Amino acid sequence: MPDPAELLHLYDVHVRAAEASGMPSHVVVEHDGPVLRITGLHRGFVSTDPDLGVSGADLDALIARQRDVFAARGEAVEWKTRAHDRPAELTERLLAAGFVPEPVETVVVAAVDDLVTESSPPDSVRVRETDTPADMRRIAAMESAVWGEDQAWLGEELVGMLAAMPRLTHVVVAEALRPAGAGDTTKPGQVVSAGWLTLTPGSDFAGLWGGSTLAAWRGRGVYRALVAARALLAREHGVRFLQVDASDDSRPILERLGFVAITTTTPYVWTP
């Protein structure tokens, strides 16, 4: 496995360049100088190269243009920053333009071959891949319960991703098995966790997303089993590395599995 500095270079080349790939048909992707602007998602998104190549008043104008596009749409927007982005004044300028930072996450990377293990969920949990709209909405309901806010939009976004790039998005769900005598065991049980794998053609990297788990099911190996299941799918597609934007809760688990921290990422969000 390459050292963290080489992994960071590979991440910048493979992951950042593909952030706008495979979007649903209703999503619009536009270039504005050194930034890529994406409209039509639950909230907009701004992706950049590691070095914007502008500073001072020119950087202020670039930021203001993105904000004004989303203001005209009445749409919130996330400007995704990384700790190694240049110029160093970027986050200061985003704050001055009214963007608000969300919690910092750690970008961690692991070799796929190191993650394909025999890790299994508890006996009371089934892990399976799914692509049905009904399951996407069940996942959104689970996420809503975890975060205490309506995340119905997530179900619709997953439905759109699967429709737009069915071979590049793989959703894995963990369900509580129904106890013996609980009726028809062919019906799906409660969704206790879920995650998805996003592939990019020609890239050595794939992304792991989701992973939220209902409180009563944490610490029981469900999250690890979801990582292993998606790593197996990634290996089947010839992917070398998996990348996660890890929260403070998931980072220790991922590092125990072999992931290495290479940088941090902070979303800066402007809301109309």
- Item | Criterion: touching a residue at least 24 places away in the same chain (Cβ under 8 Å), more than 16 Å from residue 272 (Cβ to Cβ) and β-branched (Val, Ile, Thr) - qualifying residue of 69, 104, 100, 77 | 104
- Query: at pLDDT 95 or above, small (Gly, Ala, Ser), under 24 Å from residue 265 (Cβ atoms) and exposed (fewer than 13 other Cβ atoms within 10 Å of the Cβ), is that true of residue 96?
  - Reply: yes
- Query: Among the residues of region 152-168 satisfying the criterion of being open to solvent by 60 Å² or more (accessible area, probe 1.4 Å) and not in a loop (DSSP other than H, G, I, E, B), which is farthest from residue 24 (Cα to Cα)?
  - Reply: 153
- Query: Yes or no: residue 137 in a helix (DSSP H, G or I) and either at pLDDT 95 or above or more than 21 Å from the chain's Cα centre (by Cα) (or both)?
  - Reply: yes
- Note on the structure: Exception for residue 149 within (1) assigned to a helix (DSSP H, G or I); (2) more than 25 Å from residue 259 (Cβ to Cβ) falls at (1)
- Restricting region 55-81 to residues that are open to solvent by 30 Å² or more (accessible area, probe 1.4 Å) and among the basic types (Lys, Arg), the one farthest from residue 33 (Cα to Cα) turns out to be 73
- Task: Note down all Cβ pairs under 6 Å where the first residue falls in region 216-236 and is at negative phi, the second is charged (D, E, K, R) and at pLDDT below 90, and they're at least six residues apart or on different chains.
- Result: none
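So that you can scan it fast, the table gives a plain yes or no per residue for (1) at pLDDT 90 or above; (2) on the phi < 0 side of the Ramachandran plot; (3) out of contact with any Lys or Arg (no Cβ under 6 Å at 6 or more places or on another chain):
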site	(1), (2), (3)
144	yes, yes, yes
148	yes, no, yes
156	yes, yes, yes
163	no, yes, yes
- Note on the structure: Flagged in region 169-190 as open to solvent by less than 50 Å² (accessible area, probe 1.4 Å) and modelled with pLDDT of 90 or more, in numbering order, are 169, 170, 171, 172, 173, 174, 175, 176
- Report, by residue number, each residue of region 12-28 that is farther than 26 Å from residue 262 by Cβ and open to solvent by 30 Å² or more (accessible area, probe 1.4 Å). 25, 26, 28
- When residue 102 is run through (1) in contact with a Lys or Arg (Cβ under 8 Å, 6 or more places away or on another chain); (2) open to solvent by 30 Å² or more (accessible area, probe 1.4 Å), the failure sits at (1)
- Note on the structure: Scanning region 38-59 for residues that are touching a helix residue (DSSP H, G or I) at 6+ places or on another chain (Cβ under 6 Å) and not hydrophobic (A, V, I, L, M, F, W, C) gives 42, 44, 50
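The values are calculated or read from the model by the stated rules, or taken from the named source; none is laboratory data. Treat the numbers as computed from the prediction; the structure is a model and nothing was measured. Here the Cβ is made from the backbone with ideal geometry for all residues, glycine too, and neighbour counts use every protein chain on show. Accessible surface is based on the protein model in full, side chains and every heavy atom, while ligands, DNA and RNA are left aside. Shrake-Rupley method; radii C 1.70, N 1.55, O 1.52, S 1.80 Å.
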